[in-house]
Amino acid sequence: MFITKRMHPFHMVDQSPWPLLAASCALGLAAGLINWFHHKNMMLLNMSLMTMSLIMFQWWRDTIREATFQGKHTMKVVSGIKFGMILFIFSEVMFFFSFFWTYFHSSLSPTMEIGMVWPPTGIKMFNPMMIPLLNTLVLITSGISVTWAHHSLMVDYKDVFKALMCTIFLGLFFTILQMMEYWEATFTITDSVFGSIFYATTGMHGMHVIIGTMFMIVCTLRVKMNHFTKSHHTGMELMIWYWHFVDVVWLFLYLTYYWWPS
């Protein structure tokens with residue numbers, strides 16, 4: 001007779017096709033990008049993106065089932081997941097640190113090729129008191145509303161949905177304002193080192209806002225399906241950590257990229 005009772009707090013993951021399929025799609029994405037750059041053909045890239053989206057959806061669906069309905073995410077497993085999120089956010093901090101390092105390296109000792117001034121000659125910078133300041137207020141407000149959602153979940157569950165919807169609206173509003181700013185900009189990503197680092201940093205931050213907004217939409221749907229409780233809401237907690245990280249990065253970005261050059 002085989003012993004089937006589990007004698008440890010860890011989650012022994014079941015066999016799944018998603019890791020192998022995701023790795024294959026990642027190869028397809030890389031090949032699709034190369035094909036797009038060299039031959040202007042996006043078919044492989046689009047197919048890989050659609051397939052990867054389907055794999056991600058089903059993989060996360062399985063994870064939600066294991067956590068919410070099968071009870072496989074014990075306290076030990078949750079602790080490991082949170083530590084993994086901390087390491088992920090730390091890697092993101094270092095990712096943006098590299099952008100800031102490049103920015104300060106170029107701005108504190110501008111070369112002769114860009115006029116030995118910062119911003120470089122010919123670059124008309126944004127007014128930091130206009131759209132950039134509004135975007136800062138929007139993100140700070142979204143940080144307050146997502147904290148309100150967490151507090152409501154911990155206390156009475158009454159205003160969680162309302163607070164999350166408010167945060168989603170603010171995240172989408174931020175993205176729209178960023179698009180308006182890009183549309184009205186007088187310089188492009190090819191205009192000296194300033195244009196390159198400006199659009200690289202703000203663009204990557206904007207992508208993180210979009211990902212965080214999608215993360216929040218998923219959490220909002222799970223709230224409507226009663227997946228979270230006062231003592232078991234790891235997915236929402238990780239989303240809040242990620243969103244606060246996005247907020248803090250923007251504050252540094254606003255001060256260095258918008259306010260300081262002006």
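The values are calculated or read from the model by the stated rules, or taken from the named source; none is laboratory data. No experiment lies behind these values; they were computed from the predicted model shown. Counting neighbours? That spans all protein chains shown, and the Cβs are built from the backbone with ideal geometry, glycine included. Ligands, DNA and RNA are excluded from the accessible area calculation, which covers all protein heavy atoms including side chains. Shrake-Rupley method; radii C 1.70, N 1.55, O 1.52, S 1.80 Å.
Does region 191-199 contain at least one residue that is out of contact with any Asp or Glu (no Cβ under 6 Å at 6 or more places or on another chain) and within 17 Å of ILE131 (Cα to Cα)? Looking for residues that are out of contact with any Asp or Glu (no Cβ under 6 Å at 6 or more places or on another chain) and within 17 Å of ILE131 (Cα to Cα), one finds at least one in region 191-199, hence yes. For beta carbons closer than 6 Å, sequence separation of 6+ or different chains, a first residue in region 188-205 that is farther than 11 Å from SER106 by Cβ and a second that is assigned to a helix (DSSP H, G or I) and polar (S, T, N, Q), the qualifying pairs are ILE189/SER196. Scoring MET154 on the criteria (1) farther than 29 Å from GLY80 by Cβ; (2) hydrophobic (A, V, I, L, M, F, W, C); (3) surrounded by fewer than 20 Cβ atoms within 10 Å (Cβ to Cβ) leaves a single failure, condition (1). Looking across region 238-260, the residues that are more than 18 Å from PHE97 (Cα to Cα) and surrounded by 18 or more Cβ atoms within 10 Å (Cβ to Cβ) come down to LEU238, MET239, ILE240. Of all the criteria given as (1) surrounded by 12 or more Cβ atoms within 10 Å (Cβ to Cβ); (2) at pLDDT below 90, the one not satisfied by SER24 is (2). Within region 218-253, the set of residues being in contact (Cβ under 8 Å) with a residue 24 or more places away in the chain and of a type in the set (Ser, Thr, Tyr) comprises THR220, THR234, TYR242.
Tally the residues that are over 11 Å from the mean Cα position of the chain (by Cα) and surrounded by fewer than 18 Cβ atoms within 10 Å (Cβ to Cβ), restricting the search to region 200-221. Lay out the reasoning, then the answer.
The initial filter retains those residues of region 200-221 that are over 11 Å from the mean Cα position of the chain (by Cα), namely 200-203, 217-221.
Those still in the list that are surrounded by fewer than 18 Cβ atoms within 10 Å (Cβ to Cβ) too: 200, 203, 217-218, 221.
Count: 5.
Residue-wise test of (1) at positive phi; (2) in contact (Cβ under 8 Å) with a residue 24 or more places away in the chain; (3) outside the structural domain of ILE211 (by the TED database).
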site	(1), (2), (3)
SER16	no, yes, yes
ALA30	no, no, yes
LEU33	no, no, yes
LYS40	yes, no, yes
MET43	no, no, yes
MET52	no, yes, yes
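Look at (1) within 25 Å of ILE131 (Cβ to Cβ); (2) not in a helix (DSSP H, G or I) and you find that TYR157 fails only one, number (1). With respect to being closer than 30 Å to MET75 by Cβ, among the hydrophobic types (A, V, I, L, M, F, W, C) and part of a helix (DSSP H, G or I), MET47 falls outside the description. Residue count for region 114-138 satisfying the condition of being open to solvent by 50 Å² or more (accessible area, probe 1.4 Å), touching a Leu at 6+ places or on another chain (Cβ under 9 Å) and assigned to a helix (DSSP H, G or I): 1. For region 61-108, residues that are open to solvent by 90 Å² or more (accessible area, probe 1.4 Å) and over 19 Å from TYR242 (Cβ atoms) total 8.
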